[in-house]
Amino acid sequence: MYFDCVAQFTKMLRNLDRWIEKAIAHAKAKSFDPAVLMTARLAPDQYHFIRQVQAACDAAKFAGARLTGREPPPFADTETTVDEIRARIANTLAWLDGLTAAEFEGAADRVVALPWMPGKGLAGRDYLAELAMPNFFFHVTTAYAILRHNGVDLGKIDYIGSLNVRDV
């Protein structure tokens, strides 16, 4: 079950990359530099678009690392361009792709240390449900909202993406 989070992180990060493609097309159609969207934000005290994407990537990689006991890859948070942030997404996807179901065995009961709360941690089940997934979706959703707010033609199906539909 815990390995399934990787599929959801992967799906949403791929969706996010497609939103960036749409943002580039939108900027081109409106004759402005897509870089403008990279620093857009919804509110003065919120992260701008690139930082939202960095945070979403970090949430996914840290969840995978903390639930498996692996070390996450270091990312410098130096992206400033469309190409650089898309590379960040690609690097995160590549790292997630290297995780295996076997590495998640025992994840529910593995204690995940919280770096900002020295000496404290959460059981893996609680970490995933109460922190990792909500944090990931917060940043992905905010990135989506920034693009929508700036006129990029995105809808609910862009957010949800493909479904694994089966015959009934």
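The values are calculated or read from the model by the stated rules, or taken from the named source; none is laboratory data. Note that the coordinates shown come from a computational prediction; the quantities given were computed from them, not determined experimentally. Backbone-built Cβ (ideal geometry, glycine too); neighbour counts: all protein chains shown.
Select, from Leu42, Leu67, Leu37, the only residue that is crowded, with 21+ Cβ neighbours inside 10 Å, under 13 Å from Tyr144 (Cα atoms) and either without any contact (Cβ under 8 Å) to a residue 12 or more places away in the chain or not aromatic (Phe, Trp, Tyr) (or both). Full working, then the answer.
Numbers: Leu42 fails: crowded, with 21+ Cβ neighbours inside 10 Å; Leu67 fails: under 13 Å from Tyr144 (Cα atoms).
Going through Leu42, Leu67, Leu37 in turn, the sole match is Leu37.
Each residue in segment 92-128 was checked for being of a type in the set (Gly, Ala, Ser), out of contact with any strand residue (DSSP E or B) (no Cβ under 9 Å at 6 or more places or on another chain) and either within 22 Å of Gln52 (Cβ to Cβ) or not in a helix (DSSP H, G or I) (or both), and 4 pass.
Of all residue pairs spaced 6 or more apart or on separate chains, those with beta-carbon atoms under 6 Å, a first member in segment 128-140 that is touching a residue at least 60 places away in the same chain (Cβ under 8 Å) and within 17 Å of Arg88 (Cβ to Cβ) and a second member that is part of a helix (DSSP H, G or I) and among the polar types (S, T, N, Q) are His139/Gln52.
Among Leu122, Leu96, which is the only one that is among the aliphatic types (A, V, I, L, M), crowded, with 17+ Cβ neighbours inside 10 Å and either over 17 Å from the mean Cα position of the chain (by Cα) or at pLDDT below 95 (or both)?
On the way: Leu96 fails: either over 17 Å from the mean Cα position of the chain (by Cα) or at pLDDT below 95 (or both).
None of the others qualify; the one that does is Leu122.
Summed over segment 1-34, residues that are free of Cβ contacts under 8 Å to residues at least 12 places away in the same chain, closer than 17 Å to Asp153 by Cα and assigned to a helix (DSSP H, G or I) total 5.
Kindly indicate whether Ala29 is of a type outside the set (Ser, Thr, Tyr) and surrounded by 13 or more Cβ atoms within 10 Å (Cβ to Cβ). Lay out the reasoning, then the answer.
Details: of a type outside the set (Ser, Thr, Tyr): yes; surrounded by 13 or more Cβ atoms within 10 Å (Cβ to Cβ): no.
It is false that Ala29 is of a type outside the set (Ser, Thr, Tyr) and surrounded by 13 or more Cβ atoms within 10 Å (Cβ to Cβ).
Filtered by the rule that a residue be of a type in the set (Asp, Glu) and within 30 Å of Ala29 (Cβ to Cβ), segment 113-168 gives Asp153, Asp158.
Here is a yes/no grid of residues against (1) surrounded by fewer than 18 Cβ atoms within 10 Å (Cβ to Cβ); (2) at pLDDT 95 or above; (3) of a type in the set (A, V, I, L, M, F, W, C):
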residue: Leu131; (1), (2), (3): yes, yes, yes
residue: Phe138; (1), (2), (3): yes, yes, yes
residue: Ala143; (1), (2), (3): no, yes, yes
residue: Ile146; (1), (2), (3): no, yes, yes
residue: Gly155; (1), (2), (3): yes, yes, no
residue: Asp158; (1), (2), (3): yes, yes, no
residue: Ser162; (1), (2), (3): yes, no, no
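Would you confirm whether any residue within segment 102-118 is at pLDDT 95 or above, of a type outside the set (A, V, I, L, M) and surrounded by 19 or more Cβ atoms within 10 Å (Cβ to Cβ)? No. Criterion applied to Phe75, Phe104 was being under 19 Å from the mean Cα position of the chain (by Cα) and aromatic (Phe, Trp, Tyr), and the one residue passing it is Phe75. On the stretch given as segment 70-91, residues that are in a helix (DSSP H, G or I) and in contact (Cβ under 8 Å) with a residue 40 or more places away in the chain total 5.
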